[in-house]
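Before any comments, here is the structure.
The values are calculated or read from the model by the stated rules, or taken from the named source; none is laboratory data. Everything quoted here is computed from the prediction, not taken from an experiment. Cβ placement follows ideal geometry from the backbone for every residue including glycine, while neighbour counts extend to all protein chains displayed. Ligands, DNA and RNA are stripped out before the accessible areas are found, and what is left, the full protein with its side chains, is counted by its heavy atoms. Shrake-Rupley method; radii C 1.70, N 1.55, O 1.52, S 1.80 Å.
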Amino acid sequence: MTDLHKRPVVSVLIEGYNDSLDLGSALETVKSITDQTYCLEQVEIILTGSEAQAARWREALAGERRFFAVKVIGADAHYYRFKNLAAEAANGDILAFTDSDTLPERGWLEAIVRGIDGGAAAVAGLTLFRSEKGGRLPNLPTVAASISWGFIVGNPGSPPRGFLSHNVGFRRSVFELIRYREDLGRTCAGSILYGELIRNGLSIRFQPDQRVQHVFTWRWWLKRLHVRFGYEVFLLRRLNPSASYGWTRKLGFVEPLATMAWHILLDVPQWFRFSRQLGWSWPHRAAYVPCVCLISLGARSAEACGMYSTILDAERMRRFALSN
């Protein structure tokens, strides 16, 4: 820290829940922040995790002097509780949330600050997948990302249709009024918070250059992420029947199949909106439509399995969601 800055402009908040599940590394996320285009002397880093994680992080970051400050908080908590704890300890007027299994790209922080300074209460950005193993078809994880995360992208000039809790920025004064719910474990609180922002008439801005890279394997994507998404969609409809195509809950045992079919139909236009933000040409985007349909079928089938598992044993699926 220099004498020019008595408090940080932005606080970057990194949860350790995914790190504890071996889905990523909080220290790697911190390392990616050191490569930001934004002035690091105006950035406060706050990591929240278990006491054991906190001890390890303090030792690893003891010599870190590039940021305004680095804080480490140890607690017995879950994903969204960690986020709220970090926000409570933050000194920046802007809160930038990311996760321990994501790596923000170089312009991420600059985009968040620009959006909030421009008058937004919250800003949402794009999430891409990074494959540790590479592969012969490197664009397929991009297609998968459009299916998992592309729902936030609205039509050109429109606000986002949601935000991702691993890639979102808030004006701190706004977040202090409307925080993440903690009573649902690690699920649904992001969608509920987005709905509260909309109901209160607060401005949410989509920032296409606010990008992060999320860890990815096909096995995790199909067997863990989208099965959990099925549980979350099912639960959200019960918490808020007016949202998320809530009418489908009246279909009983057919609801998962109807949801699967509806989401597959939505995934193609969603792909076009998502890939447009990446700068892909129209012919290039159109050429991938068969891949979109095939990969969508896999993802939405996994979600249907998650929904059926929830119908049959909701408590078991709640435990599954907590650990994934």
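Brief remarks on what is shown
- Selection count, the range 301-324, where residues are assigned to a helix (DSSP H, G or I) and either of a type in the set (G, A, S) or open to solvent by less than 20 Å² (accessible area, probe 1.4 Å) (or both): 11
- Neighbours by Cβ (under 8 Å, 6+ apart or cross-chain): first from the range 155-174, free of Cβ contacts under 8 Å to residues at least 12 places away in the same chain; second in a loop (DSSP other than H, G, I, E, B) and surrounded by fewer than 17 Cβ atoms within 10 Å (Cβ to Cβ): R161/G154
- Scanning the range 158-180 for residues that are assigned to a loop (DSSP other than H, G, I, E, B), at pLDDT 95 or above and either among the β-branched types (V, I, T) or surrounded by 23 or more Cβ atoms within 10 Å (Cβ to Cβ) (or both) returns F163, H166.
- Among the residues of the range 294-324, those identified as touching a residue at least 24 places away in the same chain (Cβ under 8 Å) and more than 23 Å from I264 (Cβ to Cβ) are R318, F320, L322, S323.
- Within the range 248-282, the set of residues being over 17 Å from L294 (Cα atoms), open to solvent by 50 Å² or more (accessible area, probe 1.4 Å) and either under 25 Å from the mean Cα position of the chain (by Cα) or of a type in the set (G, A, S) (or both) comprises R276, G279, S281.
- Those residues of the range 1-35 which are in contact with a helix residue (DSSP H, G or I) (Cβ under 8 Å, 6 or more places away or on another chain), under 16 Å from R106 (Cα atoms) and surrounded by fewer than 20 Cβ atoms within 10 Å (Cβ to Cβ), in sequence order: T34
- Test set (1) surrounded by fewer than 17 Cβ atoms within 10 Å (Cβ to Cβ); (2) more than 29 Å from S296 (Cα to Cα) - G154 fails condition number: (2)
- Exclusive hit being closer than 16 Å to W149 by Cβ and in contact with a strand residue (DSSP E or B) (Cβ under 9 Å, 6 or more places away or on another chain), set L278, L266, L222: L278
- Of the residues examined, T102 is one that is open to solvent by less than 10 Å² (accessible area, probe 1.4 Å), more than 15 Å from E44 (Cα to Cα) and β-branched (V, I, T).
- Cβ-Cβ under 9 Å pairs, at least 6 apart or on other chains, the range 199-227 side of a type in the set (G, A, S), far side open to solvent by 70 Å² or more (accessible area, probe 1.4 Å): S203/P159
- Test for R205: is it assigned to a strand (DSSP E or B), under 30 Å from G119 (Cβ atoms) and either open to solvent by 30 Å² or more (accessible area, probe 1.4 Å) or touching a helix residue (DSSP H, G or I) at 6+ places or on another chain (Cβ under 9 Å) (or both): yes
- Any hit, the range 130-138, residues being under 27 Å from L297 (Cα atoms) and under 13 Å from the mean Cα position of the chain (by Cα): no
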